[in-house]
Amino acid sequence: MLLVEDHEESRRGLEAAFSREKYEILSASSSKQAIELIERTELDVIVSDLRLPDGTALDILRAAQMQELPPRVIIVTAFGTIESAVEAMRDGAYDYLTKPVNIHELRVKVAKAMEVVALQRENRALRRALDGQSCFEGLLGASKEMKEVFEKIRTIADTRATVLIEGESGTGKELVARAIHKASSRRDKPFIPIHCAALSENLIESELFGYEKGAFTGAATRKQGLFELADGGTVLLDEVSEIPLATQVKLLRVLETREFLRVGGVEPVQVDVRVVAATNRSLAEEVEEGRFREDLFYRLNVVRIELPPLRMRQEDIPLLIEHFLRVFEKEHGRPRLQLTPQALQKLVEYPWPGNVRQLRNVIENLVLFARGETIDVQDLPSEFLAPPKDPITLDLGMPLDLLERKAIERTLIATGGNRSRAAEMLGISRRTLLRKIKELGLEG
């Protein structure tokens, strides 16, 4: 911070008042000295007397406002010059105090100004990140996990390899599939997402592969299937684990031969389609349980991309918040908003069971109902203010095997019984988890 005061005794008094704070303090005795410091130093807050030997605090304010990130200017004025201080606030000064200065009040104003500048610096860093290496084909992330995803996409995008994307609901599996398509030479051809869970067992085959005229009652004309429509492009089989076993056989044939028969047809239809599959389950577990063909699993699992849940990449949350704020401000015609550090911390610490999809929804809600230009803790939905739910009670002398049992039980419940994800959350291998489940009698 910069203290500007021409009276040496008053200036030293201000320096002493802030000596115990964690601020780097610079001082100047004239407008000229202050402006020189402003031009060569990135300052957060300036406290300046209104009247100086060679000018006024208004000269300092104008110099401050020319900086890339303007420091906040607090003006100290005698009672008879309050009108000038109010005018300075209209011109962009942060606040003012009258002499004699109440040091406690000044400390409070400086602390609040520091918070505002810190938030602006963070927002600037986020905007630069959005414009830089943290954005890839519509995906956002600066975390190690997401950078690894970006690198894998770059490596395999222009190949014909099938890709299996695994991740919890809301982690952005379809966005990854689209990024693969956009980064490939197929980008100008169709990208067709197929939501397998939304298709009934009776309809899925005709939707995927089409049908011939007269193939069944109501088939008045030939219809192309989604694979045929995607020729030259990419097909996303979303929630691929929901495909019935009978259709899995035909899908396997498409992957092996790049051809299929329409329902009721006898002539093979050849297609050049890149297949990307996505699931919120572990296909390896589905194979073990007999619900998914092992040969199809190996055909799909040529390249595997595992998307981390949002709680495992907390450093990406501020970046995503900044992105969604800008998107929804523009969409709903709202002014530019910013979160206080306390509100941002609450959002970062939240476990986000619905992942990025849930975060997107929460930020849109905050933008719609914002009452000012700053979003604080009290503006957040109630679930962010509640204490953590259902903690594990640790009694003194509790046997370790009982504590281990509770931890495994809670984690399996939280993951919906997904053992691979439970093992990851517990920090152990899947094989170790399976052994412990058996030892602790948790198989039922």
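Of everything listed in (1) assigned to a helix (DSSP H, G or I); (2) at pLDDT below 90, the single unmet condition for Phe216 is (1). Looking across segment 269-305, the residues that are in a strand (DSSP E or B) and buried (at least 17 other Cβ atoms within 10 Å of the Cβ) come down to Val269, Arg274, Val275, Val276, Ala277, Ala278, Thr279, Val303, Ile305.
Restricting attention to segment 60-74 and to residues that are surrounded by fewer than 20 Cβ atoms within 10 Å (Cβ to Cβ), over 13 Å from Met89 (Cα atoms) and not aliphatic (A, V, I, L, M), the residue that is farthest from the chain's Cα centre (by Cα) turns out to be Gln67.
Of all residues in segment 286-317, those satisfying the criterion of being more than 24 Å from Arg160 (Cα to Cα) and in contact with a Gly (Cβ under 9 Å, 6 or more places away or on another chain) are Pro308, Pro309, Leu310, Arg313, Glu315, Asp316.
Residues checked against (1) farther than 30 Å from Arg430 by Cβ; (2) surrounded by fewer than 20 Cβ atoms within 10 Å (Cβ to Cβ); (3) modelled with pLDDT under 90; (4) outside the structural domain of Lys182 (by TED's automatic domain parsing):
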site: Arg253; (1), (2), (3), (4): yes, yes, no, no
site: Thr257; (1), (2), (3), (4): yes, yes, no, no
site: Phe260; (1), (2), (3), (4): yes, no, no, no
site: Asp316; (1), (2), (3), (4): no, no, no, yes
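Looking at Gln342, Gln378, which one is more than 20 Å from the chain's Cα centre (by Cα), in a helix (DSSP H, G or I), not assigned by TED's automatic domain parsing to the domain that holds Ile243 and not aliphatic (A, V, I, L, M)? Checking each option against the conditions leaves just Gln378. Say we look at segment 75-112 and pick out the residues that are among the aliphatic types (A, V, I, L, M) and part of a loop (DSSP other than H, G, I, E, B); which of these is surrounded by the fewest Cβ atoms within 10 Å (Cβ to Cβ)? This residue is Ala78. Taking the conditions (1) buried (at least 18 other Cβ atoms within 10 Å of the Cβ); (2) more than 30 Å from Asn361 (Cβ to Cβ) in turn, Asp188 satisfies each one other than (1).
Report, by residue number, each residue of segment 220-245 that is surrounded by fewer than 18 Cβ atoms within 10 Å (Cβ to Cβ) and out of contact with any helix residue (DSSP H, G or I) (no Cβ under 8 Å at 6 or more places or on another chain). Across segment 220-245, the qualifying residues are Ala220, Thr221, Arg222, Gln224, Leu229, Asp231, Gly232, Leu245. Contact map, segment 223-244: first residue in a loop (DSSP other than H, G, I, E, B), second residue of a type in the set (Asp, Glu), Cβ cut-off under 8 Å, separation 6 or more or different chains; pairs are Gly225/Glu207; Asp231/Asp272; Gly232/Asp272; Pro244/Glu201. Restricting segment 11-32 to residues that are under 24 Å from Ala78 (Cβ atoms) and free of Cβ contacts under 8 Å to residues at least 24 places away in the same chain, the residue that is surrounded by the most Cβ atoms within 10 Å (Cβ to Cβ) is Arg11.
The values are calculated or read from the model by the stated rules, or taken from the named source; none is laboratory data. Treat the numbers as computed from the prediction; the structure is a model and nothing was measured. So basically every Cβ, Gly included, is an ideal-geometry build from the backbone, and we count neighbours across all protein chains shown.
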